[in-house]
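What follows is a short report on a single structure.
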Amino acid sequence: VQLQASGGGLVQVGGSLRLSCAASGRTFSSFSSYVMGWFRQAPGKEREFVAAIRWSSTYYTDSVRDRFTISRDNAGNTAYLQMNSLKPEDTAVYYCAAGTTPRAEQVDINYDYWGQGTLVTVSS
């Protein structure tokens, strides 16, 4: 069972990045039934919820709503986070997560599997 996050990098303020989270392993044979989430952790701060997708329903933290879009490709076992209009405060390591819990999508302990993280740096 593995989640592989990718797509991070250095971008200027106002730029865009798309993060990908590829799921592999027998557990993800029913990928569509998993809640996929993105969290981030900035230097010196706690990990925070960014976005999640459960079936076709999406959830966002207020600070990224209208700038970020979470999506998924169930056939490809991949989740995405399209990030537009990036700000310096978006700088963080971004983690993808997967879970089957019916509980709150924005709580990290409700997820079963985590990717290794990908660094996003937004320069001003």
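The values are calculated or read from the model by the stated rules, or taken from the named source; none is laboratory data. On a predicted model such as this, the values are computed, not experimentally measured, just so you know. Quick reminder, even Gly has a Cβ in these numbers, built from the backbone with ideal geometry, and neighbours come from all protein chains shown. Heavy atoms of the whole protein, side chains included, go into the accessibility calculation; ligands, DNA and RNA do not. Shrake-Rupley method; radii C 1.70, N 1.55, O 1.52, S 1.80 Å.
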Size of charge dipole - segment 1-117 - debye, nearest 20, with Cβ of Lys, Arg +1 and Asp, Glu -1, no other charges: 160
Residues of segment 4-70: accessible area per residue at 1.4 Å, in Å²? 53
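Return the FRET efficiency for the residue pair R103, E46: r is the Cβ-Cβ distance, R0 is 30 Å, and the value is rounded to the nearest 0.05.
On the way: r = 19 Å, r/R0 = 0.64.
Efficiency computed from Cβ-Cβ geometry: 0.95.
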Per residue solvent-accessible surface (Å²) - segment 79-124, probe of 1.4 Å: 47
Sulfur and carbon atoms: percent of accessible area, the chain [1.4 Å]: 46
